[in-house]
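In what follows, a single structure is set out as structure tokens and then discussed.
A short reminder: the numbers here are calculations on the coordinates, not readings from a lab. As the structure is a prediction and not an experimental result, all values here were calculated from the model. Cβ: placed from backbone, ideal geometry, glycine included. Neighbour counts: every protein chain shown.
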Amino acid sequence: MSFPLNRRQFLAGSAAFTTASLIRRPILSARDATGRLNVAFIGTGNQGMGMLTRFLQWDLGDVVAVCDVNQGSYGYREEDHFYGREPAAQLVNETVAKQKNRGNWKGCDSYRDFREVLARPDIDAVFVIVPDHWHSEITIRAARAGKHVYCEKPLSLTVEEGRRMVDVVRETGIVCQTGSQERSRPASQLVCEAVKAGAIGKVHTVKTVVGFNNKIGPGPGWSPQPVPDTFDYQMWLGPAPYQPYHQDRCLYRFRFHYDYSGGQITNFGAHSCDMAQWGLNRDKSGPVEIVCNKAEFLPEGSLFNTATVTDYTCKYDDGVQLQCISSEPKVETRFEGSDGWIKVGYGGVDASRPELIKGFPGFREAKGEIDAHSLHMKNFVEAIAGKATLHAPVEIGHASANLCHMANAAIRSFPKLGSQVLRWDLDQERFVDNDSANQYLSRTPRNWET
């Protein structure tokens with residue numbers, strides 16, 4: 001089996017595997033005759049700028065708009081990164097200016113408000129790369145505006161929001177890819193497909209890893225900061241509850257507060273647990289029990305409130321156990337079966353017997369090879385054109401996100417419930433007879449539109 005390793009092969013070929021079973025009917029637009037999409041990037045922070053750079057590198061379409069509540073600033077994951085809507089627009093326009101035969105290029109516009117982007121009839125697809133608390137709102141509005149959507153993982157902030165996203169995507173018929181790029185990584189594809197094919201016999205246990213929190217926020221007694229003139233904080237909060245501004249609440253560090261994300265469980269765990277679901281052939285299902293064995297939190301009153309250390313165990317209806325701990329490497333999924341084990345993650349690919357992974361590519365691409373993010377975006381673009389099957393359609397994204405949300409509900413309930421076994425109803429997407437845990441599966445959005 002061969003994989004695209006250079007630009008020419010990348011642009012000419014499709015991804016090596018198709019693991020989902022969903023192809024949407026493409027929505028026709030004026031751009032179809034040219035074979036190129038008009039796209040917008042909503043969210044141009046740490047992840048958004050990385051994705052935008054890759055999209056431009058592989059020339060997957062025309063980026064006609066970028067949108068972010070931040071005009072431009074430092075303060076992202078790496079302190080020297082200067083991101084926001086104006087740096088993003090500059091990147092697009094400077095990149096296109098260097099390309100040949102682009103005399104008809106009208107430029108990339110920048111927006112503060114995503115609603116203006118969705119109102120443009122010339123935009124075919126949007127990349128939603130914003131904090132998790134905005135995923136459902138923007139995705140649903142984009143779908144109803146007839147835009148195809150690439151929504152970053154985790155698909156949703158809550159189970160309830162994820163269900164609405166699935167329903168609206170089905171209702172509108174748009175193409176919606178979840179940003180679970182491991183689904184397009186050759187190494188991950190080979191490992192998960194090998195497990196499904198019985199390479200290690202009957203699987204009895206899956207062990208997953210999520211990284212520790214990689215940022216430390218202000219402790220109890222922290223003081224609010226003035227909102228920068230270049231940052232629309234009210235729009236950033238959107239449907240989340242109002243809280244005083246602090247830089248560490250926003251930008252990259254939003255993921256460490258439950259109002260906006262789910263900590264490392266929905267960050268790294270969205271990959272580790274997604275691969276577990278994939279290898280177990282549970283793409284649209286999940287466990288029926290979960291127990292939290294350990295959960296540690298920062299002192300009450302700290303700006304960050306997501307768990308810092310976790311340990312939980314899930315059980316599927318066939319008895320297979322899924323274990324997850326906070327450790328290194330940040331992402332890892334290890335399948336254990338009656339005939340051996342095999343694992344994949346940031347630490348690489350390994351197995352109990354060398355022949356199980358003979359010929360497998362490394363987890364990290366070598367210099368000049370195509371990275372998983374680019375392959376995943378290419379799969380999305382090809383699915384819109386009706387030339388490929390989505391690797392991570394919304395239903396798969398929802399099931400994997402639900403596993404993370406289940407885990408966070410058990411973790412957040414740990415101080416009160418301890419290591420109590422929580423039973424999960426797959427049809428109702430709720431815990432059975434446990435209001436204490438169910439309270440974490442939905443939220444009441446703030447009225448942000450005035």
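For Gly84, what is the net charge nearby, where nearby means another residue's Cβ is under 12 Å from its Cβ and Lys, Arg count +1, Asp, Glu -1? Could you put the intermediate results ahead of the total?
Details: positive: Arg85, Arg112; negative: Asp68, Glu86, Asp232.
Net of charged neighbours comes to -1.
Residue farthest toward the positive end of the dipole of the chain, with Cβ of Lys/Arg at +1 and Asp/Glu at -1: which of Val169, Asn101, Asn46?
Projecting each Cα onto the dipole axis, the largest value belongs to Asn101.
If we count every other residue with Cβ under 12 angstrom of Thr178's Cβ, Lys/Arg +1 and Asp/Glu -1, where does the sum land?
-3
Work from the charge dipole of the chain (Cβ charges, +1 for Lys and Arg, -1 for Asp and Glu, about the Cα centre) and give the residue of Ser302, Phe55, Ser285 farthest towards its positive end.
Phe55
Mind scanning Lys100/Lys153; Lys153/Lys207; Lys215/Lys358; Lys147/Lys196 and naming the pairs with a C-alpha gap bigger than 31 Å? The partial results should precede the final answer.
Values: Lys100/Lys153 35 Å; Lys153/Lys207 21 Å; Lys215/Lys358 38 Å; Lys147/Lys196 34 Å.
Over 31 Å apart, Cα to Cα: Lys100/Lys153; Lys215/Lys358; Lys147/Lys196.
Mind running the shape call on region 206-259? Use the C-alpha gyration tensor, a ≥ b ≥ c as the square roots of the eigenvalues: rounded below 1.5 for a/c, prolate if a/b tops b/c, oblate otherwise. Present the calculation step by step, with values, prior to reporting the outcome.
Numbers: a/c = 2.42, a/b = 1.76, b/c = 1.37.
Prolate is the answer for region 206-259, as a/c is 1.5 or above and a/b outweighs b/c.
Show me 87-100, 311-324, 260-273 ranked by packing, highest mean number of other Cβ atoms within 10 Å first.
On the way: 87-100: 15.8, 311-324: 18.5, 260-273: 27.0.
Descending mean neighbour count gives 260-273, 311-324, 87-100.
Rg(Cα) of the chain divided by 2.2 N^0.38 Å? Mind dumping the intermediate values first?
Working: Rg = 21.3 Å, N = 450, 2.2 N^0.38 = 22.4 Å.
Ratio of Rg to 2.2 N^0.38 Å for the chain: 0.95.
Fully extended, how many nm does the chain gain between Thr53 and Gln439 (0.36 nm per residue separation, minus their Cα-Cα distance)?
Working: separation 386, 0.36 × 386 = 138.96 nm, distance 3.92 nm.
Extending this stretch completely gives an extra 135.0 nm.
Listed highest first by mean packing, meaning other Cβ atoms within 10 Å per residue, what order do 135-146, 427-438, 342-353 come in?
Numbers: 135-146: 22.0, 427-438: 15.2, 342-353: 19.3.
Highest-to-lowest ranking by the protection proxy: 135-146, 342-353, 427-438.
Can you sort Ser188, Ser442, Ser73 from fewest to most other Cβ atoms within 10 Å of each residue's own Cβ? Before the final figure, lay out each step's value.
On the way: Ser188 26, Ser442 15, Ser73 19.
With the fewest neighbours first, Ser188, Ser442, Ser73 line up as Ser442, Ser73, Ser188.
Taking H placed 1.01 Å from N in the peptide plane, check which residues at least 5 places from Thr389 or on another chain put their amide H under 5 Å from its amide H.
none
Among the complete DSSP H segments of the chain, which ones combine at least 30 Å of alpha-carbon extent along their axis with a mean Kyte-Doolittle hydropathy of -0.5 or more? List each step's numbers first, then the result.
Numbers: long enough: 394-417 (33 Å, 0.34).
Taking the DSSP H segments of the chain (at least 30 Å long, mean hydropathy at least -0.5), we get 394-417.
With point charges of +1 on the Cβ of Lys and Arg and -1 on the Cβ of Asp and Glu, referenced to the Cα centre of region 183-259, which listed residue (Gly217, Tyr245, Thr205) lies farthest in the positive direction of the dipole?
So the residue we want is Thr205.
At 7 Å along Cα-to-Cβ for each site, give me the label-to-label distance between Asp427 and Glu369 in nm.
Reported label-point gap for Asp427 and Glu369 is 4.5 nm.
For Arg102 and Arg144 in one chain, what is 0.36 nm times their gap in residues minus the Cα-Cα distance, to one decimal in nm? Mind dumping the intermediate values first?
Working: separation 42, 0.36 × 42 = 15.12 nm, distance 3.14 nm.
Taking Arg102 through Arg144 to full extension adds about 12.0 nm, to one decimal.
Out of residues 5 or more away from Val126 or on other chains, whose amide H comes under 5 Å of its own, with H placed 1.01 Å from N in the peptide plane?
When sequence neighbours closer than 5 places are left aside, the close amide H contacts are Ala40, His148, Val149, Tyr150.
Sorted by packing (mean other beta-carbon atoms within 10 Å per residue), highest first, where do 74-84, 383-393 land? Before the final figure, lay out each step's value.
On the way: 74-84: 15.5, 383-393: 21.0.
By packing density, highest mean first, the sequence is 383-393, 74-84.
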